[in-house]
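In what follows, a single structure is set out as structure tokens and then discussed.
The values are calculated or read from the model by the stated rules, or taken from the named source; none is laboratory data. Given the structure is predicted, the values throughout are model-derived calculations rather than measurements. Every residue, glycine among them, receives a Cβ derived from its backbone with ideal geometry; neighbour counts consider all protein chains shown. These accessible areas exclude ligands, DNA and RNA; they are computed on the full protein's heavy atoms, side chains included. Shrake-Rupley method; radii C 1.70, N 1.55, O 1.52, S 1.80 Å.
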Amino acid sequence: MTYAALTRLQQGLAALKAGHLERRRLLLDGAQGAHVTINGQRVISFCSNDYLGLAADPALVAAAHAALDACGVGAGAAHLITGHHRFHHGFEMEFARFVGKPAALLFSTGYLANLAVLTALVGRHGEVFGDKLNHASLVDAAQLSGATFTRHRHGDLAQLESQLAKSAAQDKAVVSDLVFSMDGDVAPVDALLDLAERYDAWLYLDDAHGFGVLNGGRGGLTERARASDRVIYLATLGKAAGVAGAAVAAHASVIDWLIQKARPYIYTTASPPLLAACLLESLRQIEAGEARRERLRGHIAQLRAGLADLKCGRLLDSATPIQPLLIGANADAVRLSQALLQRGLLVPAIRTPTVPLNTARLRLTLSAAHSEDDVAQLVEALHAIA
């Protein structure tokens, strides 16, 4: 007997494949880095978020080995039972100090952190205001919070202000990526804070791609935002930090409230303590890592200069390690990605629904672990294919 629901799934999968929208996992062998082995092929990777090259750094590996002997593997319990290890606690204190906020809370993933913050701070009497290009986790968190969810055009502060002015919600939260993951542009932090102050709202900033890279590694917050009690700051720790998890930094009362009320924090086993020990070492490397950031900035300048006159696409305006090359059609972006792979260069094609229709792109991401020759090979290959 035919199972109708399964048939519909199979038809949906076939439609995705026909529209060049099918996703496939790549199989990585060995450690993460600028040069990796994917599906048995040795390639130069331009698709990792390991912006500082810390994911396989010897200092972090050594910290993991030492912590493994000290605390074993699993946390064994939730943070509010017996899972809150001194490594977790030490990282939270050091992270808060480094980013310039009073207190911090460690989460297993950025997705969980966004769910925790918005579901704990706003509810059915609240309203969340979000940029249309915000990460999917912010969108899901806003929808699951029970609050009214209002979105504005990307970067359109006039529309955002109009929406805030009309709101009669008891609790309001303006939420935004700090560095937008598909365009690479940076949110206007102080302008958003102006609106949050004018309309008495929280300002929640997800700095997944700026932490470790911008402002000496402290991320995309301005000094004014660091000092504001209404600003809640998130940094994910599996990108430039090279490990895993996420940390939220804010006024101490906000952190205390999350410990009491954030279900994604309360009702899950704590992350392995050895990861927190690695994160402590990662913070030390980030704080002392200006040479890495300078090398990364050099790669960004080299790539942008080399692709300024490219015929097959247009680089979007970005000063971050995310360098989107706008192509247009899904099929064209996929073909270009495949042609680069044949030359030993791994670059992902980003398609709908991740980006709007007819804005498919190659998302070039750079790392301090790349060499100038790696970047030159990418530039040369793109011009040759074009």
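What is the one condition in (1) closer than 21 Å to Ala247 by Cα; (2) over 21 Å from the mean Cα position of the chain (by Cα) that Arg42 does not satisfy?
(1)
Name the single residue, out of those in segment 333-383 being of a type in the set (Val, Ile, Thr) and not in a loop (DSSP other than H, G, I, E, B), that is nearest to the chain's Cα centre (by Cα).
Across segment 333-383, the extreme among qualifying residues is Thr365.
Among the residues of segment 153-175, write down those that are buried (at least 23 other Cβ atoms within 10 Å of the Cβ) and under 30 Å from Ala349 (Cα atoms).
Across segment 153-175, the qualifying residue is only Val175.
Have a look at Ala288, Ala368 and point out the one that is crowded, with 23+ Cβ neighbours inside 10 Å, under 28 Å from Phe98 (Cβ atoms) and at pLDDT 95 or above.
Answer to the check: Ala368.
Yes or no: Val243 over 30 Å from Ser162 (Cα atoms), touching a Gly at 6+ places or on another chain (Cβ under 9 Å), among the aliphatic types (A, V, I, L, M) and assigned to a loop (DSSP other than H, G, I, E, B)?
no
For the subset of segment 182-216 comprising residues that are more than 30 Å from Thr365 (Cα to Cα) and assigned to a loop (DSSP other than H, G, I, E, B), which member is least open to solvent (accessible area, probe 1.4 Å)?
Ala201
Counting only residues that are in contact with a Lys or Arg (Cβ under 7 Å, 6 or more places away or on another chain) and assigned to a loop (DSSP other than H, G, I, E, B), which one in segment 136-181 is nearest to Leu214 (Cα to Cα)?
Residue satisfying both the conditions and the ranking: His154.
Can you name every residue in segment 169-228 that is more than 23 Å from Ala147 (Cα to Cα) and of a type in the set (Phe, Trp, Tyr)?
Phe180, Phe211, listed by residue number.
Within segment 1-33, which residues are open to solvent by less than 100 Å² (accessible area, probe 1.4 Å), free of Cβ contacts under 8 Å to residues at least 40 places away in the same chain and over 22 Å from the mean Cα position of the chain (by Cα)?
Answer for segment 1-33, where residues must be open to solvent by less than 100 Å² (accessible area, probe 1.4 Å), free of Cβ contacts under 8 Å to residues at least 40 places away in the same chain and over 22 Å from the mean Cα position of the chain (by Cα): Ala4, Ala5, Leu6, Thr7, Gly12, Ala14, Ala15, Leu16, Ala18, Glu22, Asp29, Gly30.
Among the residues of segment 261-268, is there at least one that is within 28 Å of Ile322 (Cα to Cα) and either in a loop (DSSP other than H, G, I, E, B) or not β-branched (Val, Ile, Thr) (or both)?
no
Residue check, Tyr265 against (1) open to solvent by 20 Å² or more (accessible area, probe 1.4 Å); (2) touching a residue at least 60 places away in the same chain (Cβ under 8 Å); (3) more than 30 Å from Ala34 (Cα to Cα); (4) not aliphatic (A, V, I, L, M), all met but one. Which one?
Every listed condition holds for Tyr265 apart from (1).
Of the residues Ala319, Ala270, only one is surrounded by fewer than 19 Cβ atoms within 10 Å (Cβ to Cβ) and among the small types (Gly, Ala, Ser); which?
Result: Ala319 is the single residue among Ala319, Ala270 that is surrounded by fewer than 19 Cβ atoms within 10 Å (Cβ to Cβ) and among the small types (Gly, Ala, Ser).
Taking Ala276, is it assigned to a helix (DSSP H, G or I), surrounded by 21 or more Cβ atoms within 10 Å (Cβ to Cβ), at pLDDT below 95 and hydrophobic (A, V, I, L, M, F, W, C)?
When the stated conditions are applied, Ala276 does not pass them.
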